[in-house]
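Presented below is the structure to which this report refers.
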Amino acid sequence: GAVVSQHPSRVICKSGTSVKIECRSLDFQATTMFWYRQFPKQSLMLMATSNEGSKATYEQGVEKDKFLINHASLTLSTLTVTSAHPEDSSFYICSARDSDWKSYNEQFFGPGTRLTVL
Amino acid sequence: DAKTTQPTSMDCAEGRAANLPCNHSTISGNEYVYWYRQIHSQGPQYIIHGLKNNETNEMASLIITEDRKSSTLILPHATLRDTAVYYCIVTGAQKLVFGQGTRLTINP
(Lines give C-alpha, C1' and ligand atoms only; values in the text may rest on other atoms or scores of the structure.)
Protein backbone atom coordinates (compact mmCIF):
# COMPACT_ATOMS: atom_id res chain seq x y z
CA GLY A 1 0.00 0.00 0.00
CA ALA A 2 0.92 3.65 -0.17
CA VAL A 3 3.43 4.66 2.49
CA VAL A 4 4.42 8.11 3.65
CA SER A 5 7.41 8.59 5.92
CA GLN A 6 8.49 11.53 8.02
CA HIS A 7 11.88 12.35 9.40
CA PRO A 8 12.69 12.91 12.15
CA SER A 9 10.01 11.31 14.28
CA ARG A 10 10.99 13.43 17.27
CA VAL A 11 13.11 16.54 17.58
CA ILE A 12 14.06 18.73 20.49
CA CYS A 13 15.63 22.08 19.76
CA LYS A 14 16.54 25.31 21.47
CA SER A 15 14.46 28.43 21.08
CA GLY A 16 15.59 30.50 18.12
CA THR A 17 16.89 27.64 16.02
CA SER A 18 15.37 26.28 12.80
CA VAL A 19 14.12 22.75 12.32
CA LYS A 20 13.52 20.92 9.05
CA ILE A 21 11.01 18.10 8.77
CA GLU A 22 10.95 15.82 5.72
CA CYS A 23 7.92 14.10 4.25
CA ARG A 24 8.44 11.39 1.65
CA SER A 25 6.04 9.29 -0.38
CA LEU A 26 7.84 5.96 -0.63
CA ASP A 27 6.00 4.04 -3.31
CA PHE A 28 4.01 6.59 -5.24
CA GLN A 29 4.35 10.04 -6.72
CA ALA A 30 2.62 12.92 -5.01
CA THR A 31 1.97 16.13 -6.89
CA THR A 32 0.29 17.49 -3.80
CA MET A 33 1.28 17.14 -0.16
CA PHE A 34 -0.31 18.70 2.89
CA TRP A 35 1.10 19.82 6.21
CA TYR A 36 -0.91 19.72 9.43
CA ARG A 37 -0.24 20.67 13.02
CA GLN A 38 -1.87 19.08 16.03
CA PHE A 39 -1.73 20.37 19.59
CA PRO A 40 -2.44 18.02 22.52
CA LYS A 41 -6.06 16.92 22.77
CA GLN A 42 -6.97 18.91 19.66
CA SER A 43 -7.79 18.01 16.10
CA LEU A 44 -5.49 18.34 13.11
CA MET A 45 -5.20 21.82 11.69
CA LEU A 46 -4.25 22.19 8.05
CA MET A 47 -1.30 24.54 7.69
CA ALA A 48 -0.57 24.51 3.99
CA THR A 49 -0.90 22.70 0.70
CA SER A 50 2.37 21.90 -1.00
CA ASN A 51 2.45 21.55 -4.79
CA GLU A 52 5.45 20.09 -6.57
CA GLY A 53 7.38 22.75 -8.43
CA SER A 54 5.35 25.70 -7.20
CA LYS A 55 4.79 27.80 -4.12
CA ALA A 56 2.82 26.39 -1.24
CA THR A 57 -0.65 27.66 -0.42
CA TYR A 58 -0.96 28.60 3.23
CA GLU A 59 -4.11 28.55 5.31
CA GLN A 60 -5.31 31.75 6.91
CA GLY A 61 -3.33 32.64 9.99
CA VAL A 62 -0.28 30.52 9.13
CA GLU A 63 2.88 32.58 8.70
CA LYS A 64 4.54 31.59 5.46
CA ASP A 65 7.85 33.18 6.45
CA LYS A 66 7.95 31.13 9.63
CA PHE A 67 6.87 27.82 8.16
CA LEU A 68 8.85 27.38 4.95
CA ILE A 69 7.64 24.64 2.65
CA ASN A 70 9.56 23.21 -0.27
CA HIS A 71 8.23 20.53 -2.60
CA ALA A 72 11.12 20.03 -4.95
CA SER A 73 10.27 16.55 -6.21
CA LEU A 74 7.26 14.28 -6.61
CA THR A 75 8.26 12.30 -3.54
CA LEU A 76 9.60 14.88 -1.11
CA SER A 77 8.24 17.90 0.69
CA THR A 78 9.99 19.67 3.54
CA LEU A 79 8.67 21.93 6.29
CA THR A 80 11.16 24.22 7.99
CA VAL A 81 10.12 25.87 11.23
CA THR A 82 12.28 28.97 11.38
CA SER A 83 13.30 30.66 14.62
CA ALA A 84 11.31 28.15 16.61
CA HIS A 85 9.78 29.15 19.94
CA PRO A 86 8.16 27.05 22.66
CA GLU A 87 4.69 27.82 21.30
CA ASP A 88 5.70 26.03 18.07
CA SER A 89 6.00 22.79 20.01
CA SER A 90 3.47 20.49 18.42
CA PHE A 91 2.87 17.30 16.43
CA TYR A 92 3.46 17.99 12.75
CA ILE A 93 1.89 15.59 10.27
CA CYS A 94 2.16 15.47 6.51
CA SER A 95 -0.03 13.72 3.99
CA ALA A 96 0.30 12.99 0.31
CA ARG A 97 -2.20 12.52 -2.46
CA ASP A 98 -1.35 9.93 -5.09
CA SER A 99 -1.00 11.74 -8.41
CA ASP A 100 -2.61 8.84 -10.23
CA TRP A 101 -5.87 9.09 -8.31
CA LYS A 102 -8.11 11.66 -9.91
CA SER A 103 -11.54 10.51 -8.95
CA TYR A 104 -11.35 10.98 -5.22
CA ASN A 105 -9.29 12.42 -2.47
CA GLU A 106 -7.69 9.63 -0.48
CA GLN A 107 -4.72 11.02 1.35
CA PHE A 108 -1.95 8.96 2.90
CA PHE A 109 -0.59 10.31 6.15
CA GLY A 110 2.86 10.15 7.61
CA PRO A 111 3.48 9.01 11.20
CA GLY A 112 4.07 12.56 12.40
CA THR A 113 6.98 14.50 13.89
CA ARG A 114 6.87 15.63 17.49
CA LEU A 115 8.67 18.94 17.87
CA THR A 116 9.64 20.23 21.30
CA VAL A 117 11.18 23.68 21.54
CA LEU A 118 12.95 24.43 24.82
CA ASP B 1 -16.81 22.30 2.66
CA ALA B 2 -19.93 21.16 4.45
CA LYS B 3 -19.84 21.18 8.24
CA THR B 4 -20.10 17.84 10.02
CA THR B 5 -21.41 17.00 13.48
CA GLN B 6 -20.26 13.92 15.36
CA PRO B 7 -20.74 12.74 18.95
CA THR B 8 -17.75 13.58 21.10
CA SER B 9 -17.29 10.06 22.38
CA MET B 10 -18.71 6.55 22.13
CA ASP B 11 -18.08 3.20 23.75
CA CYS B 12 -18.48 -0.22 22.22
CA ALA B 13 -17.89 -3.75 23.47
CA GLU B 14 -15.22 -5.81 21.82
CA GLY B 15 -16.65 -8.08 19.14
CA ARG B 16 -19.77 -6.00 18.64
CA ALA B 17 -20.51 -3.69 15.74
CA ALA B 18 -19.54 -0.07 16.29
CA ASN B 19 -21.86 2.40 14.58
CA LEU B 20 -20.52 5.95 14.33
CA PRO B 21 -22.96 8.61 13.14
CA CYS B 22 -22.20 11.82 11.29
CA ASN B 23 -24.54 14.63 10.34
CA HIS B 24 -23.75 16.72 7.27
CA SER B 25 -27.02 18.43 6.46
CA THR B 26 -25.40 21.12 4.26
CA ILE B 27 -23.60 18.69 1.97
CA SER B 28 -23.65 19.70 -1.67
CA GLY B 29 -23.98 17.51 -4.73
CA ASN B 30 -20.30 17.18 -5.58
CA GLU B 31 -19.05 16.55 -2.06
CA TYR B 32 -17.88 13.17 -0.87
CA VAL B 33 -18.06 11.77 2.66
CA TYR B 34 -14.68 10.56 3.92
CA TRP B 35 -13.85 8.73 7.12
CA TYR B 36 -10.42 8.71 8.67
CA ARG B 37 -9.25 7.56 12.08
CA GLN B 38 -6.33 8.51 14.26
CA ILE B 39 -4.87 6.15 16.79
CA HIS B 40 -3.08 7.92 19.60
CA SER B 41 0.11 9.74 18.52
CA GLN B 42 -0.04 8.42 14.97
CA GLY B 43 -0.97 9.93 11.62
CA PRO B 44 -4.58 9.53 10.48
CA GLN B 45 -5.55 6.45 8.50
CA TYR B 46 -8.01 6.42 5.62
CA ILE B 47 -10.99 4.15 6.23
CA ILE B 48 -13.57 4.61 3.53
CA HIS B 49 -15.37 7.19 1.41
CA GLY B 50 -18.61 7.51 -0.53
CA LEU B 51 -20.69 9.86 -2.61
CA LYS B 52 -24.26 8.56 -2.41
CA ASN B 53 -24.18 4.77 -2.50
CA ASN B 54 -23.37 2.60 0.47
CA GLU B 55 -19.80 1.34 0.42
CA THR B 56 -17.97 -1.55 2.01
CA ASN B 57 -14.33 -2.48 2.20
CA GLU B 58 -12.17 -4.71 4.34
CA MET B 59 -12.20 -2.22 7.21
CA ALA B 60 -15.73 -0.90 7.40
CA SER B 61 -19.05 -0.11 5.80
CA LEU B 62 -20.40 3.34 5.07
CA ILE B 63 -24.14 3.91 5.00
CA ILE B 64 -25.26 7.22 3.50
CA THR B 65 -28.90 8.27 3.82
CA GLU B 66 -30.85 8.85 0.64
CA ASP B 67 -30.93 12.61 1.19
CA ARG B 68 -27.16 12.47 1.94
CA LYS B 69 -27.62 14.59 5.05
CA SER B 70 -26.15 11.98 7.35
CA SER B 71 -24.05 8.86 7.29
CA THR B 72 -22.96 6.03 9.56
CA LEU B 73 -19.62 4.29 9.67
CA ILE B 74 -19.90 0.68 10.74
CA LEU B 75 -17.05 -1.39 12.11
CA PRO B 76 -18.64 -4.85 12.00
CA HIS B 77 -16.61 -6.62 14.68
CA ALA B 78 -14.77 -4.07 16.77
CA THR B 79 -11.46 -5.01 18.35
CA LEU B 80 -9.39 -3.24 20.99
CA ARG B 81 -7.16 -1.94 18.19
CA ASP B 82 -10.09 0.01 16.79
CA THR B 83 -9.89 2.40 19.75
CA ALA B 84 -9.19 5.75 18.08
CA VAL B 85 -10.62 9.13 17.14
CA TYR B 86 -12.80 8.82 14.05
CA TYR B 87 -13.21 11.78 11.74
CA CYS B 88 -16.05 12.30 9.29
CA ILE B 89 -15.07 14.81 6.60
CA VAL B 90 -17.18 16.15 3.77
CA THR B 91 -15.40 17.84 0.92
CA GLY B 92 -15.32 18.28 -2.82
CA ALA B 93 -11.90 19.88 -2.78
CA GLN B 94 -8.41 18.49 -2.44
CA LYS B 95 -7.86 19.46 1.14
CA LEU B 96 -9.32 17.76 4.20
CA VAL B 97 -10.60 19.86 7.09
CA PHE B 98 -10.70 17.86 10.31
CA GLY B 99 -13.33 18.50 12.96
CA GLN B 100 -13.16 17.21 16.52
CA GLY B 101 -14.22 13.69 15.59
CA THR B 102 -15.60 10.91 17.78
CA ARG B 103 -13.39 9.26 20.34
CA LEU B 104 -14.34 5.58 20.11
CA THR B 105 -13.30 3.34 22.98
CA ILE B 106 -13.58 -0.41 22.55
CA ASN B 107 -13.99 -2.14 25.86
CA PRO B 108 -12.97 -5.76 26.57
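Worth a mention:
- Failed condition for residue A:37, given (1) assigned to a loop (DSSP other than H, G, I, E, B); (2) within 14 Å of the chain's Cα centre (by Cα); (3) charged (D, E, K, R); (4) closer than 14 Å to residue A:110 by Cβ: (1)
- Condition met for residue B:18 (of a type in the set (Gly, Ala, Ser), touching a helix residue (DSSP H, G or I) at 6+ places or on another chain (Cβ under 8 Å) and at pLDDT 95 or above): yes
- Single unsatisfied condition, residue A:81 versus (1) under 26 Å from residue B:48 (Cβ atoms); (2) crowded, with 19+ Cβ neighbours inside 10 Å; (3) of a type in the set (A, V, I, L, M): (1)
- In the range A:55-85, the residues that are hydroxyl-bearing (Ser, Thr, Tyr) and within 14 Å of another protein chain (Cβ to nearest Cβ): A:57, A:58
- Enumerated strands (runs of 3 or more DSSP E) restricted to the range B:1-66, each holding at least 1 residues that are surrounded by fewer than 20 Cβ atoms within 10 Å (Cβ to Cβ) and out of contact with any Ser or Thr (no Cβ under 7 Å at 6 or more places or on another chain): B:9-13, B:45-50, B:61-64
- The range B:30-81: number of residues that are of a type in the set (Ser, Thr, Tyr), touching a residue at least 40 places away in the same chain (Cβ under 8 Å) and touching a Phe, Trp or Tyr at 6+ places or on another chain (Cβ under 8 Å): 3
- Count of residues meeting criterion [under 27 Å from residue A:27 (Cβ atoms) and part of a loop (DSSP other than H, G, I, E, B)] in the range A:72-89: 2
- Among the residues here, residue A:72 qualifies as of a type in the set (A, V, I, L, M, F, W, C) and modelled with pLDDT under 95.
- Filter pass, residue B:93 being within 10 Å of another protein chain (Cβ to nearest Cβ) and either in a loop (DSSP other than H, G, I, E, B) or touching a Cys at 6+ places or on another chain (Cβ under 7 Å) (or both): yes
- Scanning the range A:5-44 for residues that are within 19 Å of residue B:39 (Cα to Cα) and surrounded by fewer than 17 Cβ atoms within 10 Å (Cβ to Cβ) yields A:5, A:9, A:10, A:39, A:40, A:41, A:42, A:43.
The values are calculated or read from the model by the stated rules, or taken from the named source; none is laboratory data. These numbers come from a predicted model, not from an experiment. Methodologically, a virtual Cβ is constructed for each residue, glycine included, from the backbone with ideal geometry; neighbour enumeration extends over all protein chains shown.
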